[in-house]
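Colleague: Before I ask anything, here is the structure I am working with.
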Amino acid sequence: MAEMSAGIKIKNKRKKQGYKLRQIKKDLWLYILVIPGLLHFIVFKYLPMWGILIAFKDYNAYLGFFGSPWVGFKQFTDFFTSPEFGRLFVNTLTISFYNLIFGFPAPVIMALMLNEIRKQWYKRTIQTLVYIPHFISWVIIASLTYTLFNSQGVINKYIAAMGNEAVPFLTSADTFRPLIIGQTIWKETGFGTIIYLAALAGIDVQLYEAAVIDGANRFKQFWHITLPSIKGTIITLLILRMGHILDNGFDQLFLMSNSLNRSVSEVFDVYVYTMGITRGAFSFSTAVGLFKSLIGIVLIYSSNRLAKAAGESGIF
Amino acid sequence: MKKLSILCIVAAFVILLSACVTPPTGGTTGDSKQTDPVQAPAKPKEISILAITFTGTPIAEDEPSVLALEELTGYDITLEFLLNSSYEDQLNTRMAAGNLPALVAITGKTASVISNCRAGAFWDITDHYKNYPNLAKANEIVMNNISIDGRIYGIYRARPLGRNGISYRRDWLENVGLEEPKTMDEFYNMLKAFTENDPDGNNQNDTYGMTWCKYFGPLDQIAVAFGAPNKWGVGADGKLVPYFDTPEFMDSMKYMKKLYDEGLINKDYAALETSDWTKDFQNSKSGAHIDVTDQAWRFQKKFIDEMQMPEDIVWVMGMPEGPKGKKILPTSGHAGFVAISKDGAPTEQDMKDALNFLDICNTKEGQNILNWGIDGVHYDLNEKGEATRRTFATDPREGFNQFMTNVIDGLLIQEAMQPVQQRHVEVQLENIPYCVANPAEPLTSNTYADKGAQLDQLITDARNKFIAGQIDEAGFKGEVEKWYAQGGQQIVEEYTDAYNAAK
């Protein structure tokens, strides 16, 4: 009896393997289609990871990877003890924090508002229009901002016409953050609504019908049906966002910073670029980048844990 | 059918992968050369060059000038260019990738250049360059200025010492009824009149004095005019003093703050990219421009060629006299150097070949091909033997003069000059006796090589903040203290030691 069952098991196993192979064969084209994506990750994401090691070396391009001496954690101690560290950390977090507070809810709100529009042609037109800024590069946006906000620009001409002093939007530490957050919201809000609109489209219409019969008004429907239905999506996106809390978007900040707003505009991304590429301190900037990534991983893990603890599904 | 499509996909992958692993080849090879049977020595030597392009459309390799230089030198030339605005960034990445050409134009002694020279990325030519008849005539002082730890890693790209000065609108000055300013106060009056007295006579308040940008050249020239040292001064105790820690520098800052507060310069200058610097002058919105003297003719030529405006409306002068007498900020006499990389010239023979090439470039014929091009193609000679450049929609020789070293003066064909050009040459000569030298120019400080860029930025930021009124004099002193505390003190000591050792 025992022997027999063992035999069956083995047979089953073989069957299963055969089944797997057959499945693969069946979807052969799908597997082939996956290959470029996998190659992309291997070639551009996994192989370069060995480069992280130069954070522990004093890398010189001419001596090369193997010729450069090991220095242990010197680059890290240099960075943590440098006078820039505190400022960079605060600036990076502040901009991220503002982006989270003002930038993250913006697409949710916009998606909800679009969702309430009943005229389909109107909704679609608006949707298309708000996507457009996403496809405009930061260089163009920075020049638009420059043209609009410089001391001779339209905004300042208007301010002057109202009889007020011109505001140095571009060259002042006080106006830098609002300008940055404003740009981000203008550029990304429309595109961010896509996922929420998809989630909203998935809500069962019967729920609303039942609620209407129960006498729920528009706001109650929104509060008790719409919002809970997209809560999962919001939390997933929030977790993903946490991992990028130390990324401020290099292009935008690099283009908008100058010496009069540097006290608030210098962040990790720009610092890594200026140290590494412009000044050739490759090891040092790798160390900074590595530090940034570590914080990102920790944040993703902890916010995922938090979400799970709060009864949500999390992302992994 | 199906098999065919699989084959296609596999082929596509193979091509993709091979594209990933094939190292990029440096530009095109000398195809044009082989079609030229006249000049065909058994096997022409090859030279590859990396230089700077300002427009992004540099000279092509089959341009007559390149062919002429190939014929003159007997080398097969391969040219590569990087954009000026990101030259240093890209040079660093190229060094890291390890595929530099044999000759590399270096724009200055930056931290990464110093560390790469020390690591041996470029040939030390101190003991070699004098074996070549033309290179041996290079100016010793300038050679010393480009040295690192006393060793020489390239041939300098020569620039006139007294090249700095002010271009201004002569017609505007006449309209407001002023004379060419002799002192800094008169210069202020001129800027004031350009801003407030409607110099273009259109009854609109649409002009201002002078345009600045992110580049600090104008600010540095004004600082030196007021008596501040050129980067480093020698104090009473024999120690070197940074320029920004002097009372004269503070005076110049107050002067500049006055210009800023009264709107005589553009208030957004700290956010204005260098590439947009000349726009307002060229569009007749501002009337003075502190830069190099040759800029005056570039302005004037554009006014004539593109805007149909009269001749001789742009004029040029040296920096006016400050409270401590006439003082001029010189250039270093060079704009960096052309180095020989070990990537592109691995053996000693390659290095000697490269030096030989540079040597031929410094013959009379070489210099003139690099600077002027070819008679009848790029320029025309008049009866006095003076040359006039031909006008092209886009300069076909762009970037070609960026690896020109010109270590010997007086070999170039004279230019048939317009009045403003003659004046600019005069100003350059007038400047020379007043030039303030930088005693630290040939010296190296390890701390500066390491932290200099951040520390420099600390000071430039503080200068902008002071001029914009974000900090006061005490605040600026505080930033200077920070500079000393964050490594400036070490830099001062290292430079002082090096300075005394070199004496």
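Colleague: Look through the range B:265-304, keep the residues that are among the hydrophobic types (A, V, I, L, M, F, W, C), within 12 Å of chain A (Cβ to nearest Cβ) and outside any helix (DSSP H, G or I), and return whichever of them is farthest from the chain's Cα centre (by Cα).
Modeller: From the range B:265-304, those among the hydrophobic types (A, V, I, L, M, F, W, C) are B:265, B:270-272, B:277, B:281, B:288, B:290, B:292, B:296-297, B:299, B:303-304; that's our starting set.
Still in the running and within 12 Å of chain A (Cβ to nearest Cβ): B:265, B:270-272.
From what is left, the residues that are outside any helix (DSSP H, G or I) are B:265, B:272.
Values: B:ILE265: 24, B:LEU272: 19 Å.
Only one residue tops the list, namely B:ILE265.
Colleague: Residue check: is B:PHE357 of a type in the set (Phe, Trp, Tyr), surrounded by 18 or more Cβ atoms within 10 Å (Cβ to Cβ) and either farther than 28 Å from B:LEU91 by Cα or in the same structural domain as B:PRO218 (by TED's automatic domain parsing) (or both)?
Modeller: The answer is no for B:PHE357.
Colleague: Could you count how many residues in the range B:422-481 are polar (S, T, N, Q) and touching a helix residue (DSSP H, G or I) at 6+ places or on another chain (Cβ under 8 Å)?
Modeller: Qualifying residue count for the region: 8.
Colleague: Need a quick list: helices (runs of 4 or more DSSP H) entirely within the range B:377-495 having at least 2 residues that are more than 14 Å from chain A (Cβ to nearest Cβ), at pLDDT 90 or above and crowded, with 19+ Cβ neighbours inside 10 Å.
Modeller: Of the helices (runs of 4 or more DSSP H) lying wholly inside the range B:377-495, those with at least 2 residues that are more than 14 Å from chain A (Cβ to nearest Cβ), at pLDDT 90 or above and crowded, with 19+ Cβ neighbours inside 10 Å span B:419-431.
Colleague: Moving to a separate point now. For the range B:108-117, indicate whether the set of residues that are in contact with a Phe, Trp or Tyr (Cβ under 7 Å, 6 or more places away or on another chain), not assigned by TED's automatic domain parsing to the domain that holds B:LYS285 and not polar (S, T, N, Q) is non-empty.
Modeller: Going residue by residue through the range B:108-117, those that are in contact with a Phe, Trp or Tyr (Cβ under 7 Å, 6 or more places away or on another chain) are B:116-117.
Among the residues that remain, those that are also not assigned by TED's automatic domain parsing to the domain that holds B:LYS285 are: B:116-117.
Restricting the remaining residues to those that are not polar (S, T, N, Q) gives B:117.
Yes, there is a match, as at least one residue in the range B:108-117 is in contact with a Phe, Trp or Tyr (Cβ under 7 Å, 6 or more places away or on another chain), not assigned by TED's automatic domain parsing to the domain that holds B:LYS285 and not polar (S, T, N, Q).
Colleague: Surrounded by fewer than 19 Cβ atoms within 10 Å (Cβ to Cβ) and in contact (Cβ under 8 Å) with a residue 12 or more places away in the chain: which single residue out of B:ILE146, B:ILE141 fits that description? Even if it seems obvious, please write down each step before you answer.
Modeller: Details: B:ILE146 fails: surrounded by fewer than 19 Cβ atoms within 10 Å (Cβ to Cβ).
Of B:ILE146, B:ILE141, the one residue that is surrounded by fewer than 19 Cβ atoms within 10 Å (Cβ to Cβ) and in contact (Cβ under 8 Å) with a residue 12 or more places away in the chain is B:ILE141.
Colleague: OK, next. Take the range B:233-256 and flag every residue that is surrounded by 16 or more Cβ atoms within 10 Å (Cβ to Cβ) and part of a helix (DSSP H, G or I).
Modeller: Across the range B:233-256, the qualifying residues are B:TYR243, B:PHE244, B:ASP245, B:GLU248, B:PHE249, B:MET250, B:ASP251, B:SER252, B:MET253, B:TYR255, B:MET256.
Colleague: Evaluate the following for B:ASP124: is it of a type outside the set (Phe, Trp, Tyr), in contact (Cβ under 8 Å) with a residue 40 or more places away in the chain, more than 19 Å from B:ASP409 (Cα to Cα) and not assigned by TED's automatic domain parsing to the domain that holds B:VAL224?
Modeller: no
Colleague: Considering only residues of the range A:226-277 that are away from every other protein chain (no Cβ under 14 Å) and of a type in the set (Gly, Ala, Ser), which is nearest to A:LYS292 (Cα to Cα)?
Modeller: Result: A:GLY243.
Colleague: While we're looking at this one, here's another question. Can you find a residue that is away from every other protein chain (no Cβ under 14 Å), among the hydroxyl-bearing types (Ser, Thr, Tyr) and out of contact with any Phe, Trp or Tyr (no Cβ under 8 Å at 6 or more places or on another chain) anywhere in the range B:80-101?
Modeller: No - not one qualifying residue is present in the range B:80-101.
Colleague: Suppose we keep only residues that are part of a helix (DSSP H, G or I), in contact (Cβ under 8 Å) with a residue 40 or more places away in the chain and over 13 Å from the mean Cα position of the chain (by Cα) within the range B:72-90. Which one would you say is nearest to B:LEU103 (Cα to Cα)?
Modeller: First pass over the range B:72-90, keeping only residues part of a helix (DSSP H, G or I): B:72-73, B:84-90.
If we keep only those that are in contact (Cβ under 8 Å) with a residue 40 or more places away in the chain too, we end up with B:72-73, B:85.
The next check asks that each one be over 13 Å from the mean Cα position of the chain (by Cα); those that pass are B:72-73.
Details: B:LEU72: 18, B:THR73: 15 Å.
Here the answer is B:THR73.
Colleague: Continuing with the same structure: If you go through the range A:273-289 one residue at a time, do you hit one that is of a type in the set (A, V, I, L, M), crowded, with 21+ Cβ neighbours inside 10 Å, modelled with pLDDT under 90 and part of a helix (DSSP H, G or I)?
Modeller: Yes, that holds for at least one residue.
Colleague: Among the residues of the range A:149-183 satisfying the criterion of being buried (at least 20 other Cβ atoms within 10 Å of the Cβ) and among the β-branched types (Val, Ile, Thr), which is farthest from the other protein chains (Cβ to nearest Cβ)?
Modeller: Among residues in the range A:149-183 that are buried (at least 20 other Cβ atoms within 10 Å of the Cβ) and among the β-branched types (Val, Ile, Thr), the one farthest from the other protein chains (Cβ to nearest Cβ) is A:ILE180.
Colleague: Could you please find all residues in the range B:116-138 being facing another protein chain (nearest Cβ under 10 Å), buried (at least 20 other Cβ atoms within 10 Å of the Cβ) and small (Gly, Ala, Ser)?
Modeller: Of everything in the range B:116-138, just one residue is facing another protein chain (nearest Cβ under 10 Å), buried (at least 20 other Cβ atoms within 10 Å of the Cβ) and small (Gly, Ala, Ser), namely B:ALA121.
Colleague: A further question follows. Restricting attention to the range A:222-257, which residues are surrounded by fewer than 19 Cβ atoms within 10 Å (Cβ to Cβ) and either in contact with a Lys or Arg (Cβ under 6 Å, 6 or more places away or on another chain) or of a type in the set (Phe, Trp, Tyr) (or both)?
Modeller: Selection gives A:PHE222, A:TRP223, A:PHE250, A:PHE254.
Colleague: Right, another one. Report, ordered by the first and then the second residue, all pairs with beta carbons closer than 8 Å, sequence separation of six or more or different chains, a first member in the range B:355-376 that is free of Cβ contacts under 8 Å to residues at least 60 places away in the same chain, and a second member that is part of a helix (DSSP H, G or I) and of a type outside the set (Lys, Arg).
Modeller: Every condition considered, the pairs that remain are B:GLN367/B:CYS361; B:ASN371/B:ASN401.
Colleague: If you don't mind, there's one more thing I want to ask. State whether the residues of the range A:7-27 include one that is within 13 Å of another protein chain (Cβ to nearest Cβ) and modelled with pLDDT of 85 or more.
Modeller: Pass one, the range A:7-27, residues within 13 Å of another protein chain (Cβ to nearest Cβ): none.
For the range A:7-27, residues within 13 Å of another protein chain (Cβ to nearest Cβ) and modelled with pLDDT of 85 or more: absent.
Colleague: Also, I was wondering about something else. Kindly indicate the residue of the range B:390-399 that is in contact (Cβ under 8 Å) with a residue 24 or more places away in the chain and touching a strand residue (DSSP E or B) at 6+ places or on another chain (Cβ under 8 Å) and also nearest to B:PHE357 (Cα to Cα) among those meeting that condition.
Modeller: So the residue we want is B:GLY399.
Colleague: How about the range B:372-429: which of its residues are under 30 Å from B:TYR129 (Cα atoms), aromatic (Phe, Trp, Tyr) and out of contact with any Phe, Trp or Tyr (no Cβ under 9 Å at 6 or more places or on another chain)?
Modeller: Selection gives B:PHE400, B:PHE403.
Colleague: I need the full set of residues from the range A:278-288 which are at the interface with another protein chain (Cβ under 8 Å from one of its Cβ atoms) and of a type outside the set (Phe, Trp, Tyr), in order please. Can you show your working first?
Modeller: Step one: of the range A:278-288, the residues at the interface with another protein chain (Cβ under 8 Å from one of its Cβ atoms) are A:278-282.
A:THR278, A:ARG279, A:GLY280, A:ALA281 - these are the residues of the range A:278-288 that are at the interface with another protein chain (Cβ under 8 Å from one of its Cβ atoms) and of a type outside the set (Phe, Trp, Tyr).
Colleague: Continuing with the same structure: Residue by residue through the range B:328-383, note down the ones that are farther than 28 Å from B:ASN99 by Cα and in contact with an Asp or Glu (Cβ under 8 Å, 6 or more places away or on another chain).
Modeller: Within the range B:328-383, B:LEU329, B:SER332, B:LEU381 qualify.
Colleague: When you scan the range A:16-110 for helices (runs of 4 or more DSSP H) that lie fully inside it, which ones turn up with 2 or more residues that are in contact (Cβ under 8 Å) with a residue 40 or more places away in the chain?
Modeller: Once the helices (runs of 4 or more DSSP H) in the range A:16-110 are filtered for at least 2 residues that are in contact (Cβ under 8 Å) with a residue 40 or more places away in the chain, what remains is A:74-81, A:84-98.
Colleague: If you check A:ILE225, A:ILE245, A:ILE235, A:ILE239, which single one turns out to be more than 30 Å from B:TYR215 (Cα to Cα), modelled with pLDDT of 90 or more and in contact with a helix residue (DSSP H, G or I) (Cβ under 7 Å, 6 or more places away or on another chain)?
Modeller: Sole residue among the options that is more than 30 Å from B:TYR215 (Cα to Cα), modelled with pLDDT of 90 or more and in contact with a helix residue (DSSP H, G or I) (Cβ under 7 Å, 6 or more places away or on another chain): A:ILE225.
Colleague: So which residues in the range B:152-193 are among the β-branched types (Val, Ile, Thr) and outside any loop (DSSP other than H, G, I, E, B), if there are any at all?
Modeller: B:ILE155, B:ILE166, B:THR183 - these are the residues of the range B:152-193 that are among the β-branched types (Val, Ile, Thr) and outside any loop (DSSP other than H, G, I, E, B).
Colleague: Check whether at least one residue in the range B:418-425 is more than 23 Å from the chain's Cα centre (by Cα) and not assigned by TED's automatic domain parsing to the domain that holds B:ASN139, and report yes or no.
Modeller: The answer is yes, given that some residue of the range B:418-425 is more than 23 Å from the chain's Cα centre (by Cα) and not assigned by TED's automatic domain parsing to the domain that holds B:ASN139.
The values are calculated or read from the model by the stated rules, or taken from the named source; none is laboratory data. Computed from a predicted model, the values in this text were never measured in an experiment. Every residue, glycine as well, gets a Cβ built from its backbone with ideal geometry; the counts of neighbours run over all protein chains shown.
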